[in-house]
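Down below is the structure, laid out as structure tokens.
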Amino acid sequence: MSNNTDIGYQSTIYQYANIIIDISHESVDKTFQYRIPDCLLGQIQAGQQVYIPFGAGSHKRKGYVVELNNQPEYDISKIKEIDSLVEGSINVQSQLIRLAWWMKERYGSTMNQALKTVLPVKQKVREAPKRKIHLSIDKQALEEAIQTAERKNHKARLRLLYALKENPDLPYENTLHKLNLTAAVIRPLEQAGLLTVQVVNQYRNPLEEMRRLLTDTSRSQWKPAVLNQEQRKIADSICENYDNGSRKPCLIHGITGSGKTEVYMELISHVIRSGQQVILLIPEISLTWQTVMRFYLRFGDRVSVLNSRMSAGERFDQYERARTGDIDIIIGPRSALFVPFERLGMLIIDEEHENSYKSELSPRYDAREVAKKRGEMEGAMLVLGSATPSLETYTKGVRGEYNLYKLMKRAKADAVLPTVEIADLREELKAGNRSIFSARLKELLEDRLEKGEQAMLFINRRGYATFVSCRSCGEAVKCPHCDVTLTYHKDGRMMCHYCGYTIRQPKTCPSCGSPYIAPFGTGTQKIEEMAAKMFPKARILRMDLDTTSKKGGHQQILSAFARGEADILIGTQMIVKGHDFPNVTLVGALAADLSLYASDYRCSEETFDLLTQAAGRAGRGNTAGNVVIQTYQPDHYSIQTAAAQDYEAFYAQEMNFRKMLGYPPAVGLLTIQIADKNEGCLDKAAALLTDCLKQWMDQENHLSEAGKLQFIGPVNAPVYKVNDIYRKILYIKQENYDILIHIRKMEEQRLKEAQGLESVIFQSDLT
């Protein structure tokens, strides 16, 4: 996809700058507008420090430029002028503000929204400072002081001196209470130079709880591995590029169990030896415990973690540790991307294909794109890794935009990919088996329980919306106008979320006439109950949103399973992503095709990703593994290629469909969503945006040609009404991202200028 700005949409010279005087996070909303003098036009960027006249006396102060614009916010005669640039003032805060400005321009949010994303710790949450009493003299001098106190009968001093003889560092408050002392006892000893009272900065450490869950078994399990030839070659190549100053992004495509984490560790070790710092992004909080422990055992206290489950105080302390250089490595989901590292050398994104790297809140940013941009700004290298890379990322690797590396063997010499079997649920039904467990899966579960090995069972819930399926022929009810399934709604309607086609739920299957047609859906709790009845002696753990809602829920369940305290782990897709349990020799995908029925052009890719990742959890130790994929669509290419663990075959087929239908990464896709409580206002806004786009296309004749620019809609959103707010969506396709960004800005500005539509909410997403 071309990203060239061939129409000159981004050549704006800004006349005004919004500036914050104090960078503290509490002051993000308090900006002041200044005029950019002629001598600085075109030189001012977001993030720069400038000297400005401030206050009634126009005192010269430093401030940060946070936003540029051409619209004066009040009387021009009252807007003061920027004095000058602060030379050599680029720091981590400046870089993050520049990044926020780029995100605002790229994804279409307000600057305040972008700032609050990159500066997420809004206020200091510091524990009261703690003090300690430190002995400042040697043993001989201490004995002399004790003798003097005995001679003068200073009983309180004696108690303190004897305590310091036992321990030269004592907690201040506790010591005063325990020894019945006052500050008056300590002060003369401090003045005489016998001791000092020191303030101790204590950071809350989120790893404390994790460390308590470590066992000798897990320590030995996660000891640093010796890289094999394939891993060593990749690590050496990336390190050589890094040392030579190349910052071209790298993609490591490695099959499950190929040892991508070991390669990451080697890269991190190399980077921190050079005095730089590393951000490692992981897609889910549930992966944090196992991942962090492996890195902690390798790098010790120089590594920390950041996620939304931590307290405000814990998050604040990790930001402070990052800012002061107390840590070199931070691990966490996408929010960890914005830690204030001054010496950032590398950003690593594990399981880069995961949807969780895209924010659902404004700005609706893609962490992969933002990480690439931050790397460019700060001279850091971006490394991405996955067994199932996203089509967008892999395409960049194929085109040479990224350096592409492949790990095609499992890291352990005696480990092999598991045996994958597909169970046709249509045949199970014909044989009279109405259980959620196929005969083959039940047989293998019994075998593993008898052998004392572990199993993982998951249900693919990524499809989120319930679909209507025929249990006789396996067909889902599809839209006659679009190649997507109809989504079942609570009132019995079935609706296409692309064209708006709607029908009532049929009583019989449109394909075969069978009466066995109904909304499909089985939850993890029901599966747990069925498994307990079928295998009464089995120890079962369930992992889903219900069981992990409390702080530390993920690591408690996963650590218990790792210790062998359960035979079967049942859960949603969170249990099959990135975990490494050597004793797991069986994985069952109970409803593999659920995500195939989602109204999303990515549904085949998501199905392939999830099944491939799930299959990779089995047989990671010394014992061969089995995988059973249960499906009503055994011939679907995403299921067939996942069973064969053949990414290349899937990529080729899926890309053909994307090119034919015009979806990313073949083209860029801009999604504009408008919302309002008033349906009439929403309809007017939709008509306005459509007319604006058509008029612009008429002016841009080169874009009016067939295939150059396409738009669909506005159509009703998949869920048209949410909380009494109605929503419509406009889809726009074009190869050039810059053109799509220009269209987004143009449409947003047109809506802002419209009379009577001030209540309409404008949101956008760019893929």
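See the values below:
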quantity	calculated
Any hit, segment 375-385, residues being surrounded by fewer than 22 Cβ atoms within 10 Å (Cβ to Cβ), outside any strand (DSSP E or B), within 15 Å of the chain's Cα centre (by Cα) and assigned by TED's automatic domain parsing to the domain that holds residue 240	no
Count of segment 37-65 residues which are outside any strand (DSSP E or B) and either within 12 Å of residue 84 (Cα to Cα) or touching a helix residue (DSSP H, G or I) at 6+ places or on another chain (Cβ under 7 Å) (or both)	11
Candidates 695, 710, 645, 653 - the one that is at pLDDT below 90 and either closer than 29 Å to residue 629 by Cα or touching a Cys at 6+ places or on another chain (Cβ under 7 Å) (or both)	645
Some residue of segment 231-245 being modelled with pLDDT under 90 and either closer than 28 Å to residue 322 by Cα or not in a helix (DSSP H, G or I) (or both)	no
Criterion: among the basic types (Lys, Arg), closer than 11 Å to residue 34 by Cα and either surrounded by fewer than 22 Cβ atoms within 10 Å (Cβ to Cβ) or at pLDDT 85 or above (or both) - qualifying residue of 78, 62, 104, 116	78
Condition check for residue 228: at pLDDT 85 or above, within 30 Å of residue 264 (Cβ to Cβ) and of a type in the set (S, T, N, Q)	yes
Failed condition for residue 690, given (1) at pLDDT below 90; (2) of a type in the set (S, T, N, Q); (3) surrounded by fewer than 16 Cβ atoms within 10 Å (Cβ to Cβ)	(1)
Evaluation of residue 446 against (1) touching a Lys or Arg at 6+ places or on another chain (Cβ under 8 Å); (2) assigned by TED's automatic domain parsing to the domain that holds residue 567 (one fails), failing number	(1)
Yes/no for residue 363 being closer than 27 Å to residue 666 by Cβ, touching a Lys or Arg at 6+ places or on another chain (Cβ under 9 Å), buried (at least 17 other Cβ atoms within 10 Å of the Cβ) and modelled with pLDDT under 90	yes
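Here is a yes/no grid of residues against (1) hydrophobic (A, V, I, L, M, F, W, C); (2) buried (at least 20 other Cβ atoms within 10 Å of the Cβ):
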site: 260; (1), (2): no, yes
site: 267; (1), (2): yes, yes
site: 284; (1), (2): no, no
site: 291; (1), (2): no, yes
site: 296; (1), (2): no, yes
site: 302; (1), (2): no, no
site: 324; (1), (2): no, no
site: 330; (1), (2): yes, yes
site: 341; (1), (2): yes, yes
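The values are calculated or read from the model by the stated rules, or taken from the named source; none is laboratory data. Fair warning: this is a prediction, and the values are worked out from it, not measured in the lab. Methodologically, a virtual Cβ is constructed for each residue, glycine included, from the backbone with ideal geometry; neighbour enumeration extends over all protein chains shown.
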